[in-house]
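Below: one structure, written as structure tokens.
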Amino acid sequence: MVNGVEDDDSCPKPVGRSSVFYYGVGHMLNDISAACWFTYLLLFLTEIGLSPRDAAIVMLAGQIADGFATVFAGELIDRFGHFKKWHGAGSILAAISFSSVFGGCLPCKILASCSPLIETISYSTSAAIFNVGWAATQVSHMSMVNCISLNSTSRVVMTSCRNAFTMVANLSLYAVALVVFSTTKSTTHSDIENQYHWIAYTSIFIGCCFVGVFHLGTKEPRLKIRVHGTSYARISWAYWFKKVLYYQVGLVYMLTKLAQNVSQAYLAFYVIEDMRMAKSAKALEMYWTGQRLKAYYCAGGVLWVFCGASILFLPQSLSAFMYVISVFIGVANALMTVTGVSMQSVLVGSDLNGCAFVYGSLSFLDKVSCGLAVFVLQSFQSSSPRSQETLSTEYISVTRYGLGLLPAVCSLTGMAITYTMKLQTPHSKPLMEPLLE
């Protein structure tokens, strides 16, 4: 056995604990920057003066760039391999460019103009560059799990560990945000920018530390493997397009990420604008078979339906109850995300030479749909959060319906599609050589 990965002629063995840990921490930079992106980007942009629609354009630009980059990254990884090189290069680009997303408008300073058009173009460009690096890291890391082990249970365990560190990343971000918002003032435009600068820079530092641990502890998996002496050629796109399960898994994953990302994007708005809670409350936020994957996914979906109903009808007088709802939202997102990603591993099976394309193409749906959803919701926001305080109580909150209704509908639809799936997790054929060099 090499670093916990199977290396004999028996059925694939579970990977070692150290391999699971090192793999799990490899997405921390992406996770903590994504948490900051979805939780605070719209809030940051509207607080510095952009309209809700312009703020949504910035996020949409990033999501579209991310969506296309995932497809291209997946194709290139399938062709040339080198998961860790793609991961490292993407991490460097994401870390450098993320600081500019929350780092102010550089063209505005050069041109001595703060027009909304220049600000929107500047932030949109930074967002697009950041998401290209983010996509390369995501696709390389997600597809790597299939080349580390053919054991279906080990794949779920590694995905679960990855998701556990996603929770660590979220909690780390909210802890940093809580300290920043509680200890610094936000009376001027400059003060607001400085708050988000500290949050972004600290997040990057934390994420980069974990990326270093990942690269030190994880060996490069072999993209080309042999089963019973047979060498697999690269799998064409048409192979996946002919599979019904490809479209089912794609829809379920898209709906899962849509529920997760929209809830993350609007939770901060909801607790501040609808519940009138304190500003520091923006820092809110625990042997597998196909049938078990479906059962746990549905459990998360049911939780989201109840959370959505609670959000829709929660009065301001019970705003403290949002802390409890947030916990259940976290549990629901965790259950749906782990099982949704694990369904992708079931789809890939032992067809490893096209796995990066699968993850990249399915992520394309998730990124573009999320960007469009946020853009549509923000387009109905007729005013910025600050000016909404003067509106009448009859004002229909897009935030409340976006956070409470959309993720719940996505969860219900995902559950219905999951019910129709035929997820098979057969024992894989034995390997002739280890997957790690």
Can you find a residue that is more than 20 Å from the chain's Cα centre (by Cα), of a type in the set (Phe, Trp, Tyr), surrounded by 14 or more Cβ atoms within 10 Å (Cβ to Cβ) and at pLDDT 70 or above anywhere in the range 351-373?
no
Filter the range 399-424 for residues that are outside any helix (DSSP H, G or I) and touching a Leu at 6+ places or on another chain (Cβ under 8 Å); which is modelled with the lowest pLDDT?
LEU423
Can you give me the number of residues within the range 156-199 that are over 19 Å from the mean Cα position of the chain (by Cα), among the aliphatic types (A, V, I, L, M) and either at pLDDT below 85 or not in a helix (DSSP H, G or I) (or both)?
1
Filter the range 301-320 down to residues that are modelled with pLDDT under 80 and of a type in the set (Ser, Thr, Tyr) and give me whichever is least open to solvent (accessible area, probe 1.4 Å).
SER319
Taking the residues in the range 207-219 that are open to solvent by 40 Å² or more (accessible area, probe 1.4 Å) and either of a type in the set (A, V, I, L, M, F, W, C) or not in a helix (DSSP H, G or I) (or both) as candidates, determine which candidate is farthest from MET28 (Cα to Cα).
LYS219
Go through the residues of the range 162-175 one by one and say whether even a single one is among the charged types (D, E, K, R) and in contact with an Asp or Glu (Cβ under 6 Å, 6 or more places away or on another chain).
no
Which helices (runs of 4 or more DSSP H) does the range 1-118 wholly contain that include 2 or more residues that are modelled with pLDDT of 80 or more?
17-24, 28-47, 52-80, 83-101
Which members of the range 321-350 meet the condition of being under 13 Å from PRO407 (Cβ atoms) and surrounded by 24 or more Cβ atoms within 10 Å (Cβ to Cβ)?
ILE329, ALA332, ASN333, MET336
Just to be sure before I move on: is THR230 at pLDDT below 80 and either open to solvent by less than 90 Å² (accessible area, probe 1.4 Å) or within 16 Å of ASP78 (Cα to Cα) (or both) in the structure I sent?
yes
Give all pairs with beta carbons closer than 8 Å in which a residue from the range 100-129 that is farther than 22 Å from ILE64 by Cα meets a residue that is open to solvent by less than 40 Å² (accessible area, probe 1.4 Å) and among the charged types (D, E, K, R); count only pairs at least 6 apart in sequence or on separate chains.
CYS108/GLU119
Are any of the residues in the range 382-397 modelled with pLDDT of 75 or more and open to solvent by 20 Å² or more (accessible area, probe 1.4 Å)?
no
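Condition check ((1) open to solvent by less than 60 Å² (accessible area, probe 1.4 Å); (2) over 30 Å from ILE77 (Cα atoms)) across all residues:
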residue	(1), (2)
GLY103	yes, yes
PRO116	no, yes
ALA127	yes, no
SER140	yes, no
SER149	yes, no
ALA169	yes, no
TYR174	yes, yes
VAL179	no, yes
TYR201	no, no
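Conditions (1) buried (at least 21 other Cβ atoms within 10 Å of the Cβ); (2) closer than 30 Å to HIS215 by Cβ, marked per residue:
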| site | (1), (2) |
| --- | --- |
| SER19 | yes, yes |
| LEU29 | yes, yes |
| ASP54 | no, no |
| ILE96 | no, yes |
| GLU119 | yes, no |
Among all residue pairs at least 6 apart or on different chains, which show Cβ distances below 7 Å where the first residue, located in the range 57-77, is open to solvent by less than 20 Å² (accessible area, probe 1.4 Å) and the second is among the basic types (Lys, Arg) and modelled with pLDDT under 90?
GLN63/LYS367; ASP66/LYS367; GLY67/LYS367; THR70/LYS367
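The values are calculated or read from the model by the stated rules, or taken from the named source; none is laboratory data. Model, not experiment: these values are computed from the prediction. Cβ: placed from backbone, ideal geometry, glycine included. Neighbour counts: every protein chain shown. Each accessible area value is taken on the protein alone, full model and side chains, heavy atoms only, with ligands, DNA and RNA left out. Shrake-Rupley method; radii C 1.70, N 1.55, O 1.52, S 1.80 Å.
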